[in-house]
Number of protein chains: 2
Amino acid sequence: MKIAILGHGTVGAGVTKLLSNPTKQPVNQLTVKSIWVRPEKVQLEARYTDDYQQILHDPEIEAVVEALGGEEPAATMIREALEHQKHVVTANNVVIALHLAEFQQLAQQQGVHLYFESSVGGGIPWIANLERVLRIDTVNEVQGIWNGTSNFILDEMTESGAPFDVVLSEAQRLGYAEADPSADIDGDDIENKLCISAALAYNADLRPGPQTLKVGIRNVTAADIHYFKQQQLLLKLMGKSVCQKGQVSLIIEPTLVPKTAAEASVRANQNQVRLHEATIGDLSLVGQGAGQLPTAHALVQDLLDIELAHGHQQQDLSSLLQVNQNLQTSDYVLRTHADVRQDLVGYDVERDADYYWIKQISAAAAHQLARQIKLRDQRVLLAAVA
Amino acid sequence: MKIAILGHGTVGAGVTKLLSNPTKQPVNQLTVKSIWVRPEKVQLEARYTDDYQQILHDPEIEAVVEALGGEEPAATMIREALEHQKHVVTANNVVIALHLAEFQQLAQQQGVHLYFESSVGGGIPWIANLERVLRIDTVNEVQGIWNGTSNFILDEMTESGAPFDVVLSEAQRLGYAEADPSADIDGDDIENKLCISAALAYNADLRPGPQTLKVGIRNVTAADIHYFKQQQLLLKLMGKSVCQKGQVSLIIEPTLVPKTAAEASVRANQNQVRLHEATIGDLSLVGQGAGQLPTAHALVQDLLDIELAHGHQQQDLSSLLQVNQNLQTSDYVLRTHADVRQDLVGYDVERDADYYWIKQISAAAAHQLARQIKLRDQRVLLAAVA
């Protein structure tokens, strides 16, 4: 099968690398014919072009690998590829989180496939395994450490005791964090991955937006990490969702896990994803959630599924689920210097200096508390206790 | 697709359970037509028969689920099913570890499939993911906590401080261990799973036998567990294999892991499996490695792959690999009351009462030491330090 790649940054170049002289069957059946790049780069390589129409009208090109990132022009170019009956594979969770239902319908109409394994969990075959489990029974819970950058920062803070800003700069220097790190540290990237996973798991069109609860790790201090560590707890930024009786929760929040928990052993920029299904119980996968070759590997796996006609189990996204963030209840901790005695009336709270340990409170109530306290203390920290 | 099940014990009945009135697509396309049981049971259910010829000659039955366990009559019945152009799926790692190459060739000749997802890792989709990774690149390492019974025993000893025999009896009472527990606690079950995994990973006909290094957990005492725990180490029975330059190691041994390691978080009767491949690095999966519904789930997944024509990546098993147990080197600990000063000459050893901590020694040398010391101390313990 001949393919075109849109964009030749880290991810696009990773695909080219995996497909240059592969010796193994069946990956040696894939060939990169064209690579769409910006006009100023066209002369750098023979396969480079800035003419997308040429790719769209090339009957030899059966599949397009979208490796641009971000919503536009990726969304428009994916739409055009599908309209021209090209299969599309993408690593872009922004565009899939927003347009999955639309693209899926369009692909079906055009008789082609839209696959996005690498958009969630990078090199971890998460989508493939989630879809596979769904062939037999329903999944009622998905959860993950879905962002390598935030995990790297928290892990490094835990190891070194260094403050957030220092570790973030280090992550940027190492290429683990971008110049604008907000998508990673504020939970937007996890929100996309959680919504895509929940949409597939529960067959509903669940998109990022105000109905999710989202708290990132910007307010985590070295003192917080030290304090929790003394209590044998480690902090992880996690995405969590459960589905019960037509209701769904979608939560992204710092979460304290015992240092002997499986989540605690997810180090550096690794990812962990977990699902719960009735017949197999819990299944979790741990691996590289980002990076050039893991992401390219997952894109090539999608291409191979197309080449080998291993059609993915298409999930109908028409279930109407009500978002209910009260579905999940746990202990939470708030760290703030504000006077919160009024806010916490009616809750079972243990205070330890600036740390307020609140027993069994719904995620909705905990996040609401954090929002109202934030008006008085911008640096308030909220964390769930797993 | 109509199927027959051979044997209706725990696993066979699990398949019947999953296929009775499934509502989901595509699992609702599978129907159990016949169940082969012993003559004295035939009258218990309409679908029961003791006439295998009838199943073999029933043109409606396209696939046979072998749920008998053990080598015979399973091997003969699988062979006959393949010869009659029935697809075969099996949960039986004894028969697959011994006959994989033969059955694979026979299935290919007959134009049918032989799948065995559930034979390794139970409900964990290990074979599917291993074969999927192999579509792109080679795997050079497989490793796992592959036996739920031994993991349950070690976990329970660690939690309760109780001796081996007491915990084993408890495991037998709970149905986690069989009346004859030797396959689980002496490492034979792991040896089968390791050989199957290594055979697929490295494309070689690797079978259980004298060329593997194998030490089980019979000699683990409550005092050992207590001593290691004081050093923040937990004991796990693991299977490990690496492949380098035409050489392969195949090792089953108790292994000490730091209590914060991923392996340490594999609790009770869970399994963990891990592979290493060049483009995605480490990938590990954790889930239920045994039990009625997880095992049945994996059998049904294999049936669905047949139904949906998702042919597995067939691994050619013709590579000639030399078994070399010197490939893996690590620290080891020996616990013995025998006088071992002569045995340990030339090694870098730290002694702590009956515990001898040996630095950087090959697996071959460590297992050889344990074998020679065993002649003087039947209860000697050997464990690798991860």
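Restricting attention to the stretch B:292-330, the residues that are more than 8 Å from chain A (Cβ to nearest Cβ) and either over 16 Å from B:A128 (Cα atoms) or modelled with pLDDT under 95 (or both) total 19. The test for being in contact with a strand residue (DSSP E or B) (Cβ under 7 Å, 6 or more places away or on another chain) and among the hydroxyl-bearing types (S, T, Y) holds for B:Y202.
Is the stretch A:212-221 home to any residue that is within 30 Å of A:H276 (Cβ to Cβ) and assigned to a helix (DSSP H, G or I)? Looking for residues that are within 30 Å of A:H276 (Cβ to Cβ) and assigned to a helix (DSSP H, G or I), one finds none in the stretch A:212-221, hence no. Restricting A:R79, A:R47 to those that are more than 27 Å from A:Q313 (Cβ to Cβ) and either among the charged types (D, E, K, R) or over 20 Å from the mean Cα position of the chain (by Cα) (or both) reduces the list to A:R47. With respect to the conditions (1) among the hydrophobic types (A, V, I, L, M, F, W, C); (2) in contact with an Asp or Glu (Cβ under 8 Å, 6 or more places away or on another chain); (3) surrounded by fewer than 24 Cβ atoms within 10 Å (Cβ to Cβ), B:A222 falls short on a single one, namely (2). Listed by first and then second residue, the pairs linking a residue in the stretch A:129-141 that is farther than 23 Å from A:M238 by Cα and at the interface with chain B (Cβ under 7 Å from one of its Cβ atoms) to a residue that is surrounded by fewer than 19 Cβ atoms within 10 Å (Cβ to Cβ) and not hydrophobic (A, V, I, L, M, F, W, C), with Cβ atoms under 6 Å apart and 6 or more places separating them unless they lie on different chains, are A:R135/A:Q313; A:R135/B:P26. Within the stretch B:50-83, the set of residues being more than 21 Å from B:I96 (Cβ to Cβ) and either touching an Asp or Glu at 6+ places or on another chain (Cβ under 7 Å) or in a strand (DSSP E or B) (or both) comprises B:I61 only. Looking only at the stretch A:1-49, which residues are closer than 21 Å to A:Q85 by Cα, in a loop (DSSP other than H, G, I, E, B) and within 14 Å of chain B (Cβ to nearest Cβ)? Those that are closer than 21 Å to A:Q85 by Cα, in a loop (DSSP other than H, G, I, E, B) and within 14 Å of chain B (Cβ to nearest Cβ): A:M1, A:L30. Among the residues of the stretch A:241-251, not a single one is within 8 Å of chain B (Cβ to nearest Cβ), within 30 Å of B:G14 (Cα to Cα), surrounded by fewer than 24 Cβ atoms within 10 Å (Cβ to Cβ) and free of Cβ contacts under 8 Å to residues at least 12 places away in the same chain.
To keep it simple, each residue is scored yes or no on (1) buried (at least 20 other Cβ atoms within 10 Å of the Cβ); (2) more than 25 Å from B:K193 (Cα to Cα).
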site: B:L6; (1), (2): yes, no
site: B:R38; (1), (2): no, yes
site: B:D50; (1), (2): no, yes
site: B:A67; (1), (2): yes, no
site: B:L82; (1), (2): yes, no
site: B:H87; (1), (2): yes, no
site: B:N93; (1), (2): yes, no
site: B:L106; (1), (2): no, no
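Residues in the stretch A:266-291 that are in a strand (DSSP E or B), farther than 20 Å from B:L130 by Cα and in contact (Cβ under 8 Å) with a residue 24 or more places away in the chain: A:H276, A:E277.
Just one of the numbered conditions (1) in a helix (DSSP H, G or I); (2) surrounded by 24 or more Cβ atoms within 10 Å (Cβ to Cβ) is not true of A:L237: (1). Here B:G144, B:G148, B:G122 are screened, and the one residue that is within 11 Å of chain A (Cβ to nearest Cβ) and more than 18 Å from B:Q314 (Cβ to Cβ) is B:G122. Which residues, counting only those in the stretch B:131-147, are out of contact with any strand residue (DSSP E or B) (no Cβ under 6 Å at 6 or more places or on another chain) and in a helix (DSSP H, G or I)? Across the stretch B:131-147, the qualifying residues are B:E131, B:R132. For the stretch B:277-291, which positions are small (G, A, S), more than 7 Å from chain A (Cβ to nearest Cβ) and surrounded by 18 or more Cβ atoms within 10 Å (Cβ to Cβ)? Of everything in the stretch B:277-291, those that are small (G, A, S), more than 7 Å from chain A (Cβ to nearest Cβ) and surrounded by 18 or more Cβ atoms within 10 Å (Cβ to Cβ) turn out to be B:G289, B:A290, B:G291. Considering the conditions (1) closer than 28 Å to A:Q322 by Cβ; (2) buried (at least 23 other Cβ atoms within 10 Å of the Cβ), A:V266 is excluded by exactly one of them, (1). With a requirement of 3 or more residues that are without any contact (Cβ under 8 Å) to a residue 12 or more places away in the chain, the strands (runs of 3 or more DSSP E) lying completely within the stretch A:309-383 that satisfy it span A:349-352.
The values are calculated or read from the model by the stated rules, or taken from the named source; none is laboratory data. Bear in mind that the values here come from a model prediction, so they are computed numbers and not experimental data. We place every Cβ from the backbone using ideal geometry, glycine too, and count neighbours over all the protein chains shown.
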